[in-house]
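Shown next, in structure tokens, is the structure this report addresses.
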Amino acid sequence: MENDGRVVDVTNISQEDFTHAYGGTPFTIKAGQTVTYPFGLGEHLARHLARRILLQGDTSATSYDAKNPDKAGGRGVPIINETNEREVMTSILSGQATVETVQPKSEVEMLKAQIEDLNKFRQSIEQENKPKGKKEDVEKPKEKAIESAGDKPVLYSDKADVIKELKKRKLEFNPKLGKDKLEELLK
């Protein structure tokens, strides 16, 4: 990308506002106004402004006159050529510079950034919900001890463990009940 970061000033040197489309989007430069554009866009607008200026400056006859044919045998003379177009463009374009550009991120890079942001948000929520104070002051969650078939207490850390024990003992239960209700069935 040879023009990445290049910018150019475009000055409307005509007496009329100029509007021309680039990529389907119209760009307007008021008469006498100078606007800074990325190089490719600026050069495109300058070329079309130069052509408009050259066409407006044409004073030749608008129809063929048989009594006074021009030197080209009646076919006319080109109004715009590469040389005069470039001369007018030179007076329109000025102040070329290079600025630092930010390279667009790929879809995967944007996804990774989104994941990182989501995890930072989750961690901040966890920090807010953490009990405040010294470690000794914070109570550890107590696991309930339930008497099993013998005198030895059994600890169930989650609902899945309670359901396993209920199935093991072949007791009927509703799996939609909460852990506390299911533990009562084991007593």
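Every residue, every condition in (1) loosely packed, with under 11 Cβ neighbours inside 10 Å; (2) modelled with pLDDT under 95; (3) outside the structural domain of residue 82 (by TED's automatic domain parsing), yes or no:
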| residue | (1), (2), (3) |
| --- | --- |
| 15 | yes, yes, no |
| 23 | yes, yes, no |
| 32 | no, yes, no |
| 37 | no, yes, no |
| 43 | no, yes, no |
| 51 | no, yes, no |
| 54 | no, yes, no |
| 63 | yes, yes, yes |
| 68 | yes, yes, yes |
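Cβ separations smaller than 8 Å between residues 6+ apart or across chains give the following pairs from segment 25-53 residues that are touching a residue at least 12 places away in the same chain (Cβ under 8 Å) and farther than 20 Å from residue 79 by Cβ to residues that are among the basic types (Lys, Arg) and surrounded by 16 or more Cβ atoms within 10 Å (Cβ to Cβ): 38/6; 39/6. Scanning segment 101-113 for any residue that is at pLDDT below 80 and either part of a helix (DSSP H, G or I) or in contact with a Phe, Trp or Tyr (Cβ under 9 Å, 6 or more places away or on another chain) (or both) turns up nothing.
Determine the pairs where a residue that is at pLDDT 70 or above, located within segment 114-139, has a partner that is surrounded by 10 or more Cβ atoms within 10 Å (Cβ to Cβ) and aliphatic (A, V, I, L, M) with Cβ atoms under 6 Å apart, the partner being 6 or more residues away or on another chain. Taking only residues 6 or more apart or on different chains, the pairs are 131/138. Residues in segment 70-86 that are modelled with pLDDT of 85 or more and surrounded by 13 or more Cβ atoms within 10 Å (Cβ to Cβ): 2 in all. Residue-level check: of (1) closer than 27 Å to residue 5 by Cα; (2) of a type in the set (A, V, I, L, M, F, W, C); (3) at pLDDT below 90, residue 89 misses just (3).
The values are calculated or read from the model by the stated rules, or taken from the named source; none is laboratory data. Just so it is clear, the structure is predicted and the values come from calculations on it, not from any experiment. Glycine gets a Cβ as well: all are built from the backbone with ideal geometry, and neighbour counts include every protein chain shown.
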